[in-house]
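Below is one structure, written out as structure tokens, with a few remarks after it.
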Amino acid sequence: MSTQTIEKAVEKKPAEAILSKRRKKFVNDPLSDDNPITVQVLGICSALAVTTQMKPTLTMAISVIFVMVFSNLIISVMRSLVPTRVRIIVQLAVIATLVTLVSEVLKAYQYDMYKELSVFVGLIITNCIVMGRLEAFALANKPWDSVLDAIGNGLGYSWIILAVAFFREIFGSGRLFGWPVFEAIGIENFPTNGLMVTPVGAFFILGLIIWVQRNKTGYVEH
Amino acid sequence: MQQSNTYIIIFSAVLTIVLGGLLSLANQGLKPMQQKSEELDTKKKILSAVTEIRRMKGNEVLSLYSETIESIVVDIDGEIIEKDEKGAPIIAENVDIAKNFKKAPEDRMYPVFKYHKPGDKDVVEAYIFPVYGKGLWGPIWGFIALETDLNTIKGTSFDHKTETPGLGARITTAEIRDRYHGKKLFDDSGNLISIRMLKGENNPPSALDDHHIDGLSGATLTGNGVNEMLESYFQYYLNYISKTKNGAIEKVALLD
């Protein structure tokens, strides 16, 4: 008789996959269905202001993602320590520190970009998306979930401002990342549209994006 | 316990110290790099008023600068000043235009940068004048390069602290700077007229002449700041300009 080794199944909850279905939702939702700009209508100010060209827009997008990921992570890690009565000011302090860091690094290594974006890097502090995610998500969720949530919302913000910048730069200045597109394909006198260079142009494009998006998703404002 | 006042105060204090320490550490660590960036940026601005440097790397700009730029400092009477009150030599690149702007015009130091033909130290090709003024939100400044007739604009470069990106901040773009090219400061009888930016953009060509250029849509106040800056600073440089035109300054320089 063979000894029966009883392998008792260890009643241990398997660790949730790093990118489980639930977690993928954190990243995917803000890209379209719950987009911070087009659905929640947050962060409009910078979406209008920095999007005349692709390059500053890309820098802005990266900066916002950086600030969001790290502020969400930090707040989430210390969420049980933060006294509720001063939580807003704690969030603000963390965001402001990260933004100042971004601004200092840009000043040292990307001076031209630093000058171009000057006020708007500082204004990431007041970008409602960042604080909104801290208040609505990071304070109540685990660090990794919060990081994913930040990435999702950061990318949701980024692809919209990059899309706006794409159309504004190509129609407003006939360029992409400063590279003359129309001259390259042989159209010498492309009539650039002055409206696209002004913030009004961003409103139009943003409106069109929202229109197309809501038409597709069937989202209705209640 | 977590909601007690003591806890809140201690928590806030610790948080402030940690974050503050982090920031000052970053500030100290990045400072040398930032100063280098700023110095390079100023030299770039000076050179970009006279020549195309957009494709140049940082160290190429610095070597071109030392090869072509000769700098002097003059006072409001157009006289060259070489030493400050304490007797220390004045270096034009180190003159802080922003600090001087706070003094009365008579007490300010006015740097002049002479651009030499690359490889030929004797031929001055352009005179570059720093200017400084108020934009809409904060200071604006720039460098104006004049041809050797000290009247025609050879090139400009502008910069600003906090003008609105996409609106007033456009003064730094090549598009706006090029509008000044070939415009004239003085009329035919030699009176200083300066150059004004008009209100609005796409003005009819009939509105634009030697002393007027197309404006900035949505940034009229920044445009006004630029106009005022040019007008006042060339007033301050007027003595130097007329002395140089008469050849007075050059002779002094030769005697030295």
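Coordinate-derived values only; no laboratory data. Treat the numbers as computed from the prediction; the structure is a model and nothing was measured. No Cβ is skipped: glycine too gets one built from the backbone with ideal geometry, and neighbour counts run over all protein chains shown.
Straight-line reach from A:Lys107: which aspartates and glutamates fall under 14 Å, measuring Cα to Cα and dropping same-chain residues less than 8 apart?
A:Glu116, B:Glu38, B:Glu39, B:Asp41
With everything on Cα atoms, drop me the angle between helix B:58-68 and the longest principal axis of chain B, reported from 0 to 90° to the nearest 10.
30
Give me the inter-chain shielding for B:22-34: mean count of other chain Cβ atoms within 10 Å, whole number please. Before the final figure, lay out the partial values.
On the way: counts 4, 6, 0, 0, 7, 4, 0, 2, 7, 3, 1, 6, 8.
That works out to 4 on average.
With a cap of 13 neighbouring Cβ atoms within 10 Å, and only residues DSSP puts in a loop, list the trypsin sites (Lys or Arg not before Pro) found in the range B:32-72. All intermediate terms of the calculation are to be shown ahead of the outcome.
Details: sites: B:Lys36, B:Lys43, B:Lys44, B:Lys45, B:Arg54, B:Arg55, B:Lys57; in loops: B:Arg54, B:Arg55, B:Lys57.
When the trypsin sites (Lys or Arg not before Pro) of the range B:32-72 are filtered for loop state and at most 13 Cβ neighbours within 10 Å, B:Arg54, B:Arg55, B:Lys57 remain.
Taking the Cα atoms only, what angle lies between the long axis of helix B:220-236 and the longest principal axis of chain B, rounded to 10 degrees?
Result, in degrees: 50.
Using Cα centres only, tell me the gap between the range A:95-115 and the range A:24-67 in whole Å.
19
Once you charge only the Cβ atoms, +1 for Lys and Arg and -1 for Asp and Glu, what is the size of the charge dipole of the range B:69-255 about its Cα centre, to the nearest 20 debye? Before the final figure, lay out each step's value.
Values: 22 positive and 29 negative charges, 73 e Å.
Using only the charged Cβ atoms, the result is roughly 340 debye.
Quantify how strongly other chains surround peptide A:149-155 by giving the mean number of their Cβ atoms within 10 Å of each of its Cβ atoms. Working shown, then result.
On the way: counts 0, 0, 0, 0, 0, 0, 0.
That average works out to 0.
Could you list, in their original order, any pairs among B:Lys31/B:Lys83; B:Lys43/B:Lys83; B:Lys183/B:Lys245 whose Cα atoms are separated by more than 20 Å? Please report the intermediate quantities before stating the final value.
Working: B:Lys31/B:Lys83 29 Å; B:Lys43/B:Lys83 22 Å; B:Lys183/B:Lys245 18 Å.
Beyond 20 Å between Cα atoms: B:Lys31/B:Lys83; B:Lys43/B:Lys83.
How much mean residue ellipticity at 222 nm does the protein assembly as shown get from its helices, if each DSSP H run of length 4 or more adds -39500 (n - 2.57) and you divide by all residues, to the nearest 500 deg cm²/dmol? Don't skip to the answer; put the middle values down first.
Working: 17 runs with 236 residues, N = 478.
Estimated from H runs of four or more residues: -16000 deg cm²/dmol.
Between B:Leu208 and B:Ala13, what is the spin-label point distance in nm, taking each point 7 Å from the Cα along the Cα→C-beta axis?
That separation, rounded to one decimal, is 6.5 nm.
Tell me, what is the Rg over Rh of chain A, with Rh the Kirkwood radius over Cα pairs?
On the way: Rg = 21.8 Å, Rh = 19.4 Å.
Across chain A, the Cα-based Rg/Rh ratio is 1.12.
Mind checking the mean number of beta-carbon atoms from other chains within 10 Å of the Cβ atoms in B:212-220? Walk me through the numbers on the way to the answer.
On the way: counts 0, 0, 0, 0, 0, 4, 4, 1, 0.
Counting other chains' Cβ atoms within 10 Å and averaging over B:212-220 gives 1.
Over chain B, with a Gaussian network built from C-alpha contacts below 10 Å, which listed residue (B:Ala98, B:Ala26, B:Ala126) shows the highest mean-square fluctuation?
It is B:Ala26.
Could you give me D for the range B:69-255, from Stokes-Einstein at 25 °C and 0.890 mPa s, where the hydrodynamic radius is the Kirkwood radius over C-alpha pairs? Units µm² s⁻¹, please.
D, rounded to a whole number, is 143 µm²/s.
How far is helix A:111-122 tilted, in degrees, relative to the longest principal axis of the Cα atoms in chain A, given as a value from 0 to 90 rounded to the nearest 10?
60
What's the extension gain from A:Thr217 to A:Gln40 if we count 0.36 nm per residue and subtract their Cα-Cα distance? Write down the numbers at each step before the final one.
Values: separation 177, 0.36 × 177 = 63.72 nm, distance 1.44 nm.
The span from A:Thr217 to A:Gln40 would gain 62.3 nm if fully extended.
Tell me the label-point distance for the pair B:Leu238, A:Glu16, using the 7 Å Cα-to-Cβ offset, in nm and rounded to one decimal.
Between B:Leu238 and A:Glu16, the label points sit 7.5 nm apart.
Around B:Ile81, what is the net charge, scoring Lys/Arg as +1 and Asp/Glu as -1 over all other residues with Cβ under 11 Å from its Cβ? The partial results should precede the final answer.
Numbers: positive: B:Lys83, B:Arg108; negative: B:Asp75, B:Asp77, B:Glu79, B:Glu82, B:Asp84, B:Glu85.
Around B:Ile81, the surrounding residues sum to -4.
Over the Cα atoms, compute the radius of gyration (one decimal) and Dmax (the largest Cα-Cα distance, rounded to a whole number) for the protein assembly as shown, in Å.
That works out to 28.3, 122 Å for Rg and Dmax.
Of all the stretches in chain A, which is the longest one without any exposed loop site, taking GluC sites (Glu not before Pro) in a DSSP loop (any state but H, G, I, E, B) with at most 10 other Cβ atoms within 10 Å?
Values: sites that count: A:Glu7, A:Glu11, A:Glu188, A:Glu221.
Free of exposed loop sites, the longest segment is A:12-187.
Once you keep just the Cα pairs under 8 angstrom separated by 6 or more residues, what percentage relative contact order results for chain B?
Values: 399 pairs, mean separation 36.7, N = 256.
The value is 14 percent.
What distance in nm separates the two pseudo spin-label positions at B:Lys134 and A:Thr192, each 7 Å out from Cα along the beta-carbon direction?
3.2
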